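Bear in mind these aren't lab numbers, they're just calculated from the coordinates by the rules spelled out. It should be emphasised that the depicted structure is a prediction, and the values quoted were computed from it without experimental measurement. Cβ atoms come from the backbone with ideal geometry, glycine included; neighbour counts cover every protein chain shown.
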Amino acid sequence: GMSWIITIDGPTASGKGTVAHWVADKLGFHVLDSGALYRLTALAALEEGVAADDVPSLTDLAANLQVQFADYRVWLNGVEVSDAIRAEQVGNLASAIAVHAPLRAALVARQRAFAQPPGLVADGRDMGTVIFPEADLKVFLTASVEERARRRYNQLINKGISANVDALLLDLQQRDERDRTRAVAPLVPAPGAVLLDTSAMSAEDAAEFILAQFAQLD
Ligand code: C5P
């Protein structure tokens, strides 16, 4: 195609973001971190005191987010929030509000607008199932919950944030459960998705695997 789409879906802390950036860099493609849009909506809700069950207000926030992305950085209303949206509190609220269908609908066009030549690597939960069902290559990236908790722990410690592996593991299990069992856009492999378990694989090797799959498309 003239504009390629690669989707990478998977659970929290499976390494999707790192792998997506790696693949996009290699191919010179754009990248969409769709989770960031849910996190940005959550952050805006926290800042404006909007409750997690106030669906009309949350939907309004999602529809009117003033967002800019550049490299690994993101701005909300002109203020850089790259670190702020990574906080566990924001991730948990993002997961809680992501169950609301109207809010999700308000983010669809914004996500699809990222599909620009020469191509896009989109990571999230429903990239291959809902947002880009026509994608050229769909990947479902997983890793054991223990390994994901270890990775999240190391990320936090490297940022100088104190963390507890057992608490993180519980948190990941709860978030996975909610993402998998929700009625709208649940976390499931898209039809035709390539399954990739990265429990014993580096992000670089996962990216190389995806690039090899992409190279085989005709
Ligand atoms: O991927 P990340 O952990 O940043 O996403 C935060 C939350 O946003 C997820 O737990 C999930 O509930 C939600 N999300 C979603 N659909 C996406 C991406 C993220 O529901 N495409």
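For residue 74, nonlocal amide neighbours, meaning residues 5 or more places apart or on other chains whose placed amide H falls under 5 Å from its own, are 81, 82. Go ahead and run the numbers for FRET between residue 157 and residue 136, Cβ-Cβ distance against an R0 of 22 Å, rounding to 0.05. Efficiency at R0 = 22 Å is approximately 0.05.
Between 157, 131, 85, which gets the highest mean-square fluctuation from a Gaussian network model of the chain, Cα cutoff 10 Å? Of 157, 131, 85, the Gaussian network model singles out 157 as fluctuating most. What residue among 72, 38, 153 shows peak mean-square fluctuation when the chain is described by a Gaussian network model with Cα springs under 10 Å? Checking each option, the largest mean-square fluctuation is seen for 72. The simple Förster model, with R0 at 25 Å and r as the Cβ-Cβ distance, assigns residue 165 and residue 195 a FRET efficiency of 0.45. Note on residue 86 and residue 180: the model spin-label points, each 7 Å out from Cα along the C-beta direction, lie 2.7 nm apart.
Between segment 121-148 and segment 47-62, what's the alpha-carbon centroid distance in Å? Between the Cα centres of segment 121-148 and segment 47-62 lies a distance of 26 Å. Modelled label positions at residue 113 and residue 75, each set 7 Å beyond Cα in the direction of Cβ, lie 1.6 nm from each other.
Evaluating 6.51 cos²θ - 1.76 cosθ + 1.60 at θ = phi - 60° for every residue in segment 114-123, the Karplus couplings come out as 6, 6, 10, x, x, x, 9, 10, 10, 10 Hz, glycine and proline recorded as x. Positive end of the dipole of segment 4-207, charges at C-beta (+1 Lys, Arg; -1 Asp, Glu), about the Cα centre: which of 36, 173, 142 has its Cα farthest in that direction? Farthest along the dipole direction, towards plus: 142.
For the chain, DSSP calls about 25 percent of its internal beta bridges antiparallel.
Near residue 199, once Lys and Arg are set to +1 and Asp and Glu to -1 for all other residues with Cβ below 11 Å from its Cβ, the sum equals 0.
Pairwise alpha-carbon distances in segment 2-93 exceed 17 Å for 54% of all pairs. Once backbone amide H atoms are built at 1.01 Å from N, residue 8 has 122, 123, 124, 139 as its partners under 5 Å, excluding neighbours fewer than 5 places away on the same chain. Fully extending the segment from residue 57 to residue 2, taken as 0.36 nm per residue of separation minus the present Cα-Cα distance, adds 16.0 nm.
Packing, as the average of other Cβ atoms within 10 Å across residues, places the peptides 47-58, 133-144 in the order 133-144, 47-58, highest first. Can you compute 3J(HN,Hα) from phi for each residue in segment 2-15, using the Karplus curve 6.51 cos²θ - 1.76 cosθ + 1.60 with θ = phi - 60°, rounded to whole Hz and x for Gly and Pro? Each residue's phi maps through the Karplus curve to give 6, 10, 7, 10, 10, 10, 10, 10, x, x, 3, 6, 8, x Hz.
Counting only Cβ charges, +1 for Lys and Arg and -1 for Asp and Glu, the dipole size of the chain around its Cα centre is about 100 debye. The Rg/Rh ratio for segment 4-207 is 0.93, where Rg is the radius of gyration of the alpha carbons and Rh is the Kirkwood radius. Sorting the segments 175-184, 12-21, 99-108 by their residues' average number of neighbouring beta-carbon atoms within 10 angstrom, most packed first, yields 12-21, 99-108, 175-184. In the elastic network of the chain, a GNM with C-alpha springs shorter than 10 Å, the most mobile of 28, 160, 119 is 160.
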